[in-house]
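What follows is a single structure, written as structure tokens, with notes after it.
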Amino acid sequence: MSHHIVEFRDVHFTYPDGTEALKGVTFKIHHGESVGIVGANGTGKSTLILQMNGFLLPTAGTIRIGDMHLDKKTRSEIGKKVGVVFQNPDDQLFMPTVFDDVSFGPLNMGLTSEDVVERVNEALITASCHELRDRPPHHLSLGQKRAVTIAAVISMQPDILAMDEPAASLDPKARRQLITLLKGFKHTKIVTSHDLDLILDVCERCIVIANGKVKADGPAREILLNRQLLDENNLELPLSLQHK
């Protein structure tokens, strides 16, 4: 299923202030893979995620999503294929109620009102937040907001789910619910996180980013057990493995 592929070829990205975030990133993610992207702060992880759906375009190099190369003409169509969950839920929630937020995407896809309601209810159930349907998003806890943003993305039924630090600031219960949700998403999923235990739980593959470049790429357990590799890239062993 080529429409689930994400491929970066020698991708560079420089912000307007001159900050060079990516310096020649190359990798290919195949259909159904669960991939964790890890690295210290400022290594380019969020920039990678924002390029996967065309929110940012590369300064140099090429990005392919499915059969399409990302550019100004294809970014809108690619945005429908790659659902991105931002690090801060408040960046995605802006409607009066949870239902309105989750229905925003399907409505803009031109679905009938009946299909929109079905999509919304299914997404809210999948994200374990159906009981929040009529609540104002700004009254929710961080964990609840995170669940709603995930529901809003999966209501559009993307081929690929990309999440930037989804476990940030979540309490233990909300974190466990997130892990269960991610394990249940069967399409291609890409997750950036400082929570290496989460990556170990939900990802089969791990890519280490440092100084805007790929430093390692392989099976998640192999990467996350490599103390020397982690030390060299300002990372630590997952907490669950530190005392073994």
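None of the figures in this text is laboratory data; all of them are computed from the coordinates on show. In this text the structure is predicted, and so the values were computed from the model without any measurement. All Cβ positions, glycine included, derive from the backbone under ideal geometry; neighbour counts span all protein chains shown.
Observations, loosely collected:
- Helix-derived mean residue ellipticity, 222 nm - over the chain, DSSP H n ≥ 4, -39500 (n - 2.57), to 500: -10000 deg cm²/dmol
- Simple Cβ-charge dipole of the chain, Lys/Arg +1 and Asp/Glu -1, about Cα centre, in debye nearest 20: 360
- Rough spin-label spacing in nm, given labels placed 7 Å along Cα→Cβ, for ASN88 and ASP71: 3.4
- Each of GLN157 and HIS194 was given a label point 7 Å from its Cα along the Cα-to-Cβ line. The distance between the two points is 3.8 nm.
- Three-way shape call for the stretch 117-208 based on the alpha-carbon gyration tensor, with the a/c threshold at 1.5: oblate
- With eigenvalues of the C-alpha gyration tensor scaled by 5 and rooted, the stretch 195-244, Å: 17, 13, 9
- Cα shape, the stretch 26-155, gyration tensor, a/c 1.5 rule: prolate
- Share, in percent, of DSSP beta bridges within the chain that are antiparallel, nearest 5: 55
- Residue exposure sequence - SER155, SER141 - by fewest surrounding Cβ within 10 Å: SER141, SER155
- Once the Cβ-Cβ distance of LEU239 and GLU122 is raised to the sixth power relative to R0 = 30 Å, the FRET efficiency obtained is 0.30.
- Axis angle, to the nearest 10 degrees, between helix 142-154 and the longest C-alpha principal axis of the chain: 80 degrees.
- Ranked packing of 21-29, 103-111, 162-170, 142-150, most packed first, by mean Cβ within 10 Å: 142-150, 162-170, 21-29, 103-111
- FRET efficiency for ARG9 and LYS80, using Cβ-Cβ distance with R0 set to 22 Å, rounded to 0.05: 0.50
- Packing-based exposure ordering (other Cβ within 10 Å, fewest first) of PHE13, PHE86, PHE55: PHE55, PHE86, PHE13
- Amide H to amide H distances under 5 Å link VAL191 with VAL35, GLY36, ILE37, MET163, where only residues 5 or more positions off or on other chains count and H is placed in the peptide plane.
- Note on ARG133 and ASP17: their simple-model spin labels are 4.4 nm apart, each label 7 Å out from Cα toward Cβ.
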